[in-house]
Structure formats: C-alpha cells, structure tokens
Number of protein chains: 2
Amino acid sequence: MKTVPHITDAEWEVMKVLWNESPRTANEVIDAMQERTEWKPKTIRTLLNRLAQKQAISFTQENRVYAYFPLVSEGECVKSETQSFLKRIYGGAFKPMLVNFLKEEQLSEEDIKELREMLDGKNK
Amino acid sequence: MKTVPHITDAEWEVMKVLWNESPRTANEVIDAMQERTEWKPKTIRTLLNRLAQKQAISFTQENRVYAYFPLVSEGECVKSETQSFLKRIYGGAFKPMLVNFLKEEQLSEEDIKELREMLDGKNK
DNA sequence: CAACTTGTATTACAGTTGTAATCCAAGCGA
DNA sequence: TCGCTTGGATTACAACTGTAATACAAGTTG
C-alpha cells in the first residue's frame, strides 16, 4: 500500500484547496486561501514548495506559471492521518474510539437515524 | 472549560503510563516505559520534565526522589486531541468522520450489533 | 535598453519535538 | 573524609513547522 507523506496542519489547508479543484496556479491557490486564512502569499508559496518537495503535489509549467495538482487523494490522506491518530490516542483500535465518540458527542435524532441506516447497510 | 496542554506523541506514551497508575517515581516510569519502547532513561526524564513544565503532570518529593502524577485526566486529553484532529481533518464536524469511518473500517457483526445498541441508547 | 513587475527560488529564524548527553549535588561505602 | 553512585537539572542538537522576507530571472513598459 502506498504510503502518503505526512502533511502538517498548515499544509493540510493548502491540500484542501487543491483537492477541491485542481490544477490551480499558485496565485489561484493564494486567492482561495485568503478567503479562509490570514496567511501572506509568501507563506502559501512556501507551503506549496514543501508539499511539492515531499511529493504530495506536483505541477505543470505553462510559460512562467506553475499549476499545481495533488499527487495523493484526500481519502488516502484522511485514512493515513486517522490511523496515526487512532494509534496514538486509542492504541490503534477503532471501536473504542467510536464508543467514546458516541458517548461524548452531541448527535441529533437525524444523525442517529442516519448512522443506524449505515450500520444496517454494513450488516449486509 | 479547562484547556489541557498539548501533549506530543512521545509525551503521550509517558502519560499513558501515569494514567495507568500513579504516583510513580521517575524510575518506575522508566521501567514501565522500557517494556514498551526502546527509549533511554534520559529521554524519559526529559519527557517527564517537559510534561511537568507544561503542567500536564506534577510530582511530590520524597527524600531525593520525585513521584509523578497526572494533573489532567486521560478523558480530557483524549477529548481535546480528538477535537483538534476533527477540526484539522474534517473541518470539525463529527458526523462526516463517522460516516467515513463506517465506510472504511472493518467491523465485525459483533461490533455492529454493539454500536447499534449504543445508538438505541442515545435515542432515549 | 533600462526600470518595473511578477512569479519562482533561496534564505531566515524562532519554537517544538525527538532523542539524548553532560553537569552537579547529596548520600553511601571504603 | 573522598571518591562512586544515583537522581535530578541543564544543555545539546538536528529535523520539522509556522511564518515569512529577500534575491533572482524573465517579460512588459517607457
């Protein structure tokens, strides 16, 4: 199974933008980011560079402009991050976490109904 | 609500030991850790110091020996870490994560039954 | 052609983390 | 009393992160 590079908090925000739509030029990414964060353009370029270095994204060059696109899917990354989270906090076991979540979190009637249906689906 | 300090991966392992039983002297912690990791005693002492500095743990002094104990509960920390994880990966929403998990993870018949019962409980 | 603009590449710099090693003080054995 | 042992305090140091600023190169404009 392919291992995805570790993506930091700040980088993750950039990835979200690219997962949302790609390819995008650096400036397009910067514009999109500035709707959600206060980061300076230079900062975002740094993050793009780092992501490219660790091969989470790549780019094509059109004249003097780069257009970036992800090399790893959101699903892969979510799964990988979730796994390390699980490992750290719950020793890797999924169910204890779920149990804890269900106990702690607020869920509406709607949510519960929906989840129950998903469980039914799983139950084949 | 009390805010818990951020506990790093390595520190988390030490906290587990103390949550498991406390107070414990540095040496007791070190012994317990060496059953699960390869870390040198000095490393573990560093972690104990850092945890004490950030007030995740404290200690009492008996002669020249410190006995450490947690200042924050495992539940608090789990909750806090889970929240930042959720925020980072799923934008803070709990349900999308659950949905994703249920789709991705392997659950036994048993697990599913148990979860369904929990949901029934919630449903009051 | 010279200066300005614009996009990229390089460099910066402090705080955090992992992973220890060295220094120091107090009790203990010779 | 003097060095050895043991536990704690201080220091180390590189990689990773957040957050940029500065330098450079190629078009664009006057």
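In region B:9-70, taking the dipole from charged Cβ atoms about the Cα centre, the farthest positive-side position among B:Thr37, B:Met15, B:Ala52 is held by B:Ala52.
Take the Cβ-Cβ distance between B:Ser108 and A:Glu114 as r, set R0 to 22 Å, and report the resulting FRET efficiency rounded to the nearest 0.05. Don't skip to the answer; put the middle values down first.
Working: r = 22 Å, r/R0 = 0.98.
Computed FRET efficiency for B:Ser108 and A:Glu114: 0.55.
Given +1 at the Cβ of Lys and Arg, -1 at the Cβ of Asp and Glu and no other charges, the dipole of region A:74-122 around its Cα centre is 420 debye to the nearest 20.
For region A:88-95, putting each phi into the Karplus relation 6.51 cos²θ - 1.76 cosθ + 1.60 with θ = phi - 60° gives couplings of 5, 8, 10, x, x, 8, 7, 4 Hz, in residue order, rounded to whole numbers and with x for Gly and Pro. The ellipsoid equivalent to the alpha-carbon distribution of region B:9-70 has semi-axes of 16, 13, 11 angstrom, derived from the gyration tensor eigenvalues as √(5λ) and listed largest first. Considering only B:Gly75, B:Asn63, B:Phe85, the residue lying farthest towards the positive end of the dipole of region B:1-94 is B:Phe85, judged by Cα position with unit charges set on Cβ.
How many partner chain Cβ atoms sit within 10 Å of a residue's Cβ in peptide A:73-85, on average, as a whole number?
Counting other chains' Cβ atoms within 10 Å and averaging over A:73-85 gives 3.
With both labels modelled 7 Å from their Cα along Cα-to-Cβ, the A:Lys54 to B:Asp9 distance reads 1.1 nm. Counting Cα-Cα pairs of region A:35-111 in 10 Å increments starting at 0 gives whole-percent bin shares of 14, 27, 27, 22, 8, 1. Helices in chain B, meaning DSSP H runs of at least 4 residues, each add -39500 (n - 2.57). Divided by all residues, the mean residue ellipticity at 222 nm is -19500 deg cm²/dmol.
Taking amide H atoms as placed 1.01 Å from N in the peptide plane, the amide H of B:Gly92 lies under 5 Å from those of B:Lys87, each 5 or more residues away in sequence or on another chain. Legend: calculated FRET efficiency, A:Glu74 to B:Glu21, from the Cβ-Cβ distance at R0 = 30 Å, rounded to 0.05, equals 0.15.
Read the figures in this text as sums done on the coordinates, not as results from a lab. Because the structure is predicted, anything quoted here is derived from the model rather than measured. When we count neighbours, we look across all protein chains shown, and the Cβ atoms used for this are built from the backbone with ideal geometry, even at glycine.
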